[in-house]
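As structure tokens, the structure follows; a few thoughts come after it.
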Amino acid sequence: MISFSHAKYVHIRLPEDVQRLELMGLFNAAKNKIKYLLKHELSDSMKKRLEYELERIERLLKDYNVPEEEAMKILKKEFPNLPLEKVKEWESKGYLDFILVNGKKYYYRRFVSNLLFLCKDDEVCLSKKKELESREDTRKSREALKSHVLEIINSGREGYIFPRKVRVRLKVSLKPGAVPAGELVRCWLPFPRVGDQQTDVKLISAEPSEYVTAPQDHPQRTIYFEQKMPENKPLEFMVEFEYTVHAFYRRIDPSKVELYDENSEIYRRYTKEEPPHIIFTRYLKELAYSIVGDEENPYLKARKIYDWLTRNLTYTYVPEYCTFESIPEFVARNLRGDCGFQALLFITLCRIVGVPARWQSGWYANPTQKGPGPHDWAQFYIEPYGWLYADISFGRRWRELDKRLHEFYFGNIDNFRTVFNIDIMSQFEPPKKYIRSDPVDNQRGELEWEGGNIYFDKFETQMIYI
């Protein structure tokens with residue numbers, strides 16, 4: 001049984017034979033080697049690591065699921081008259097994301113989007129990018145956010161301001177036949193927390209009508225349901241809720257920043273390592289101290305980290321978080337990743353240099369858009385100001401478009417958010433028995449039955465702002 005706790009061992013290095021086979025793309029051989037090793041006496045931690053690896057391989061291959069022939073057809077459709085030499089050039093520069101799977105190339109399911117993110121020096125890519133960014137919906141979304149942030153900055157107000165009341169309907173639909181008919185399915189949907197920028201959370205309706213909501217300050221808050229799987233029909237879980245979300249803005253005077261009480265609960269809790277991802281590796285420590293240098297002011301340390309990340313990182317989509325051994329290390333070595341990857345690197349670097357930092361995540365919903373999307377960001381703690389915000393991926397984007405918004409996203413936050421989580425890898429309430437589809441975060445919901453976890457490819461999540 002692959003339980004919730006197995007994911008905590010993903011940072012443990014695999015045996016050399018297994019690593020070598022995976023690097024060669026020989027995943028069937030790697031799985032056979034793991035099964036052979038599991039027949040022998042192992043430490044409990046290595047046993048769980050190898051059991052998790054069998055699951056991780058299956059999940060990884062679901063993300064790298066585009067055969068080379070199909071990938072070439074997709075590229076030709078997106079870029080008419082594309083010469084083969086250009087494809088080879090993109091591959092040599094690392095712009096096309098693929099792996100070898102038992103001797104054949106398979107591309108990441110969002111490889112075209114990542115090509116456009118990574119390819120910054122090619123006229124073919126730049127032309128396509130310009131076309132997408134000039135679309136009316138993209139322009140409206142960008143202008144709405146910019147207008148909102150400038151209104152916050154120019155208001156002369158500070159703290160939690162600009163309250164916005166939001167009503168949301170969240171639905172998960174499990175595909176017919178995903179589990180045998182009559183089996184009990186357990187479901188945890190993300191549910192808004194109370195605290196920080198979010199208040200007045202109210203449950204409007206839920207289906208099924210029997211449910212359990214986790215405490216309002218739970219670090220990964222959920223609403224829990226049970227329901228039996230029907231025959232030849234999808235199984236649906238739905239919750240409708242409303243809440244008030246605030247923007248946050250604070251003008252910080254670095255000269256008034258105080259040193260921490262290193263015995264305080266906040267300092268001890270939010271400057272420590274938390275395997276498997278928030279780990280102070282040798283490379284991350286060297287990177288952190290090279291960025292902050294001799295700086296002793298905690299606020300300015302965090303600012304230096306923010307500036308370095310928003311200057312050097314590139315936003316890209318990533319395979320599911322459950323397939324990575326150390327997310328911050330991956331970002332630091334490859335200088336790329338999505339919003340959550342960038343936030344985790346910021347959090348880890350801050351903790352290394354003694355600045356308390358933590359996770360925050362949920363959904364981002366620009367009023368001009370049809371629907372919201374998952375989004376992650378960070379918080380860092382500064383005396384005597386308290387918890388401040390840092391949205392690395394937004395800061396990186398606005399660094400190129402408008403420096404005022406780049407400044408804003410260090411310390412402050414807009415009110416276009418739904419907050420479900422302030423921590424990673426927290427056990428749900430009631431607890432989930434099997435490993436989660438996303439052991440790190442929870443934005444799409446989690447399901448299981450007596451036979452094990454139900455992975456993302458078996459259900460769909462829909463979130464609508466009413």
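The values are calculated or read from the model by the stated rules, or taken from the named source; none is laboratory data. Fair warning: this is a prediction, and the values are worked out from it, not measured in the lab. As a convention, Cβ positions derive from the backbone with ideal geometry for all residues, glycine included, and neighbour counts pool all protein chains shown.
I'd like the full set of residues that are at pLDDT 95 or above and farther than 19 Å from residue 76 by Cβ, limited to the range 97-116.
If the condition is that a residue be at pLDDT 95 or above and farther than 19 Å from residue 76 by Cβ, then 99, 100, 101, 104 are the ones that fit.
So residue 293 clears everything in (1) surrounded by fewer than 18 Cβ atoms within 10 Å (Cβ to Cβ); (2) at negative phi except one condition, right? Which one?
Here residue 293 clears every test but (2).
Are there helices (runs of 4 or more DSSP H) fully within the range 1-101 with at least 2 residues that are more than 26 Å from the chain's Cα centre (by Cα) and within 30 Å of residue 450 (Cβ to Cβ)? List them.
It comes to 27-37, 44-63.
Within the range 283-300, can one find any residue that is in contact with a Leu (Cβ under 6 Å, 6 or more places away or on another chain) and assigned by TED's automatic domain parsing to the domain that holds residue 443?
Looking for residues that are in contact with a Leu (Cβ under 6 Å, 6 or more places away or on another chain) and assigned by TED's automatic domain parsing to the domain that holds residue 443, one finds none in the range 283-300, hence no.
Looking at (1) over 30 Å from residue 132 (Cβ atoms); (2) touching a helix residue (DSSP H, G or I) at 6+ places or on another chain (Cβ under 9 Å), can you tell me which one residue 59 breaks?
Residue 59 satisfies every listed condition except (1).
Every residue, every condition in (1) in a loop (DSSP other than H, G, I, E, B); (2) assigned by TED's automatic domain parsing to the domain that holds residue 239; (3) touching a residue at least 60 places away in the same chain (Cβ under 8 Å), yes or no:
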residue	(1), (2), (3)
172	no, yes, yes
179	yes, yes, yes
182	yes, yes, no
186	no, yes, yes
189	no, yes, yes
193	yes, yes, yes
200	no, yes, no
206	no, yes, no
209	yes, yes, no
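Might you check whether a residue that is hydroxyl-bearing (Ser, Thr, Tyr), out of contact with any strand residue (DSSP E or B) (no Cβ under 6 Å at 6 or more places or on another chain) and over 25 Å from residue 436 (Cβ atoms) occurs anywhere in the range 34-41?
Yes, the range 34-41 contains a residue that is hydroxyl-bearing (Ser, Thr, Tyr), out of contact with any strand residue (DSSP E or B) (no Cβ under 6 Å at 6 or more places or on another chain) and over 25 Å from residue 436 (Cβ atoms).
Output the residue which, of all residues in the range 252-273 that are in a loop (DSSP other than H, G, I, E, B) and surrounded by 15 or more Cβ atoms within 10 Å (Cβ to Cβ), is nearest to the chain's Cα centre (by Cα).
Within the range 252-273, the match that is nearest to the chain's Cα centre (by Cα) is 271.
Of the residues 149, 66, which is touching a helix residue (DSSP H, G or I) at 6+ places or on another chain (Cβ under 6 Å), β-branched (Val, Ile, Thr), at pLDDT 95 or above and crowded, with 16+ Cβ neighbours inside 10 Å?
149
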